[in-house]
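Coordinate-derived values only; no laboratory data. Only a predicted model underlies this, so the values are computations on that prediction, with no experimental measurement involved. All Cβ positions, glycine included, derive from the backbone under ideal geometry; neighbour counts span all protein chains shown.
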Amino acid sequence: MGPTRIRTILGEETISLQLRHVANYILAYCNQKQTTNNDNLLHEIILLIGYYCVLNQDNQCRMAFGNRPTVLQQLSCLSFRYFVESKYMDILFPTLISCSYDCDTTRAILQTEMSLDLIANFIETKLSETKTINENDNTSVISSFHMRFPYDELNNALQYYRPISKRIDKNYHDEEKENESHRIDIET
């Protein structure tokens, strides 16, 4: 049974409702009582949510709706370490991307909870890294970024999360450089 089939089964109405309730409870519980065991459980539920949502808008929306705080809201409000320490960012951010990529509804919800610049910067970092797995790395294969989000979608994801103002600003600077090169060509 492949990942797509598992996502479909977990996406069935009654099962998805139960998954959302369990995920909500585990996120709330583990975020309040931080122990090593709870951290491990928290990391596993974060991985599960990411695999459940990746490239599936129905499942993405399921994690964004329901009782407040929703699963997506809880993910975006985890402790500070998940947003500043790379080992924790590597756990959380692929799931945030999986929960909101190519789904304007969930991206808008996420944007009210956090800056999308953090996600864009994370993706830029991952694009600059090599795609190969370092066998000496402590990260398990199942939790490594390229296994949790399609590598060939990273450039599209970067454009999706980069603020429109930065895209316009980048295009403006590109046009300025092009105009400058034309002026140099004309002068010579």
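Using the beta-carbon distance between residue 153 and residue 114 and R0 = 25 Å, what value does 1/(1 + (r/R0)^6) give for FRET efficiency, to the nearest 0.05?
0.75
How many angstrom separate the Cα center of region 53-120 from the Cα center of region 21-44?
So the two Cα centres are separated by 16 Å.
Residue by residue through region 99-109, what is 3J(HN,Hα) from phi via Karplus (6.51 cos²θ - 1.76 cosθ + 1.60, θ = phi - 60°)? Round to whole Hz and write x for glycine and proline.
Running phi through 6.51 cos²θ - 1.76 cosθ + 1.60 with θ = phi - 60° gives 7, 10, 5, 6, 9, 4, 4, 6, 5, 5, 5 Hz.
Place the peptides 80-88, 153-161 in order of packing, highest mean first, counting for every residue the other Cβ atoms within 10 Å and averaging per peptide.
Put in order of decreasing packing, that is 153-161, 80-88.
Quick one: length gained pulling residue 102 to residue 58 fully straight, 0.36 nm per residue minus the C-alpha distance? Each step should come with its number before you reach the end.
On the way: separation 44, 0.36 × 44 = 15.84 nm, distance 1.14 nm.
Gain on extension, residue 102 to residue 58, equals 14.7 nm.
Using each residue's phi in region 14-23, evaluate 6.51 cos²θ - 1.76 cosθ + 1.60 at θ = phi - 60° and report the 3J(HN,Hα) Karplus result to the nearest Hz, with x for Gly and Pro.
Taking θ as phi minus 60°, the curve returns 6, 5, 5, 5, 5, 4, 4, 5, 5, 4 Hz for region 14-23.
Taking 0.36 nm per residue of separation and subtracting the Cα-Cα distance, what length does fully extending residue 84 through residue 39 add?
Stretched out fully, the residue 84 to residue 39 stretch lengthens by 14.6 nm.
In which sequence would 35, 125 go, from the one with the fewest C-beta neighbours within 10 Å to the one with the most?
Working: 35 9, 125 14.
Listed from fewest to most nearby Cβ atoms, that is 35, 125.
What ranking of 6, 119 emerges when the number of other C-beta atoms within 10 Å of each C-beta is taken as an exposure proxy, fewest first?
6, 119
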